[in-house]
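First comes the structure, then the notes that go with it.
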Amino acid sequence: MDGCVIFTHEDCLLHDTGEGHPEQIARLDVILRALRKPQFQDLNWQPAPKAEITHLSYAHTPEYIKAVLQSAPEAGFRTLDADTVISPQSIEAALRSTGAVVTAVDSVLTGKATTAFCAVRPPGHHARKNSAMGFCIFGNVAIGGWHAIKAHDLKRVAIVDFDVHHGNGTAEMVDGHTEFLFASTHQHPFYPHTGDTSKTDKAGNIINVPLQAGDGSLAFRDSFENKILPALDAFEPELIMISAGFDAHKDDPLANINLAEEDYFWVTRELKKLAEKHCQGRIVSSLEGGYNLRALAASAAAHVNALKDA
Ligand SMILES: [Zn+2]
């Protein structure tokens, strides 16, 4: 068994979103540089294969899949929604991002790895069943979760989303399916304007824990200690997946929550303890947001540091 595996692909560095776009190539570049430092020499690096149509079909409509696969411009840029810009290599990058998560699920469920971090972009948690949204093209983590259920016959998959934005796309893809427990902390009210606790989900399998602008470590850790971790413990997951967005960091330019790198280490270690209790330590994490390059690299490094240590 190989400890922690990093799945990534150079195609993810070719997804150009244009000058000034926050979801930029440099985000992944700084993370890869951070993870190549000596303290991470025991990481096992694997190339991400492309996702197959079967995988995309777990969570997206055939019409959307067909349209997206034909959407890349031959040159220049095109938009899939108001915020989601694509260029010639973007769909390849999106397929690698989803493929990374699907393959990471295969790796941890067949004992080739204990934990995995998918250092990929575009992110996925805002992508809807039938549309791109908020820098996201395919629902990477939700698709990985469905793959665990459909291809590996798992009965209970937990998805934890600590990105500062609500994972509305993931929630839509698992709502009503009790094989999933989806738990999210997010700034609210805020983009994408979902994730309010007053809206009840179909099957009680979605736990939204909104944070208020200005909240920091205390409120974040309280949300986990009192709501999310007890719910996960009761759910007894066979696999824990993480939508690892680092835009709740205090230096992030897009949001107003005040976390530090240490909070990402802490939450990852807490999730790891639960994974060790219920599912042989199996965690698959994938990059979502995070837009201050220094904070993003340090936070992702703290996250992987907690994932890799036994
Ligand atoms: Zn975000």
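Just a few scattered comments:
- Number of residues in the range 233-243 that are within 16 Å of the ligand (Cβ to nearest atom) and touching a helix residue (DSSP H, G or I) at 6+ places or on another chain (Cβ under 6 Å) equals 1.
- Search result, residues across the range 30-65 that are part of a loop (DSSP other than H, G, I, E, B) and either farther than 19 Å from Thr98 by Cα or among the hydrophobic types (A, V, I, L, M, F, W, C) (or both): Arg36, Lys37, Gln41, Asp42, Leu43, Ala48, Ala51, Ala59
- Among (1) touching a residue at least 60 places away in the same chain (Cβ under 8 Å); (2) more than 21 Å from Val304 (Cα to Cα); (3) within 19 Å of the chain's Cα centre (by Cα); (4) in a loop (DSSP other than H, G, I, E, B) - the single one Ala94 does not satisfy: (4)
- Residue count for the range 87-117, restricted to those that are within 16 Å of the ligand (Cβ to nearest atom) and more than 20 Å from His60 (Cα to Cα): 0.
- Residue tally, condition within 16 Å of the ligand (Cβ to nearest atom) and surrounded by 22 or more Cβ atoms within 10 Å (Cβ to Cβ), over the range 254-284: 6
- Flag if Phe162 is away from the ligand (no atom under 16 Å from the Cβ), closer than 19 Å to Leu296 by Cα and buried (at least 23 other Cβ atoms within 10 Å of the Cβ): no
- Failed condition for Leu287, given (1) of a type in the set (A, V, I, L, M, F, W, C); (2) within 16 Å of the ligand (Cβ to nearest atom); (3) touching an Asp or Glu at 6+ places or on another chain (Cβ under 8 Å): (3)
Every read-out reported here was derived from the displayed coordinates using simple, explicitly stated rules and does not represent laboratory data. A quick note: this is a predicted structure, and the numbers were derived from the prediction, not measured. All Cβ positions, glycine included, derive from the backbone under ideal geometry; neighbour counts span all protein chains shown.
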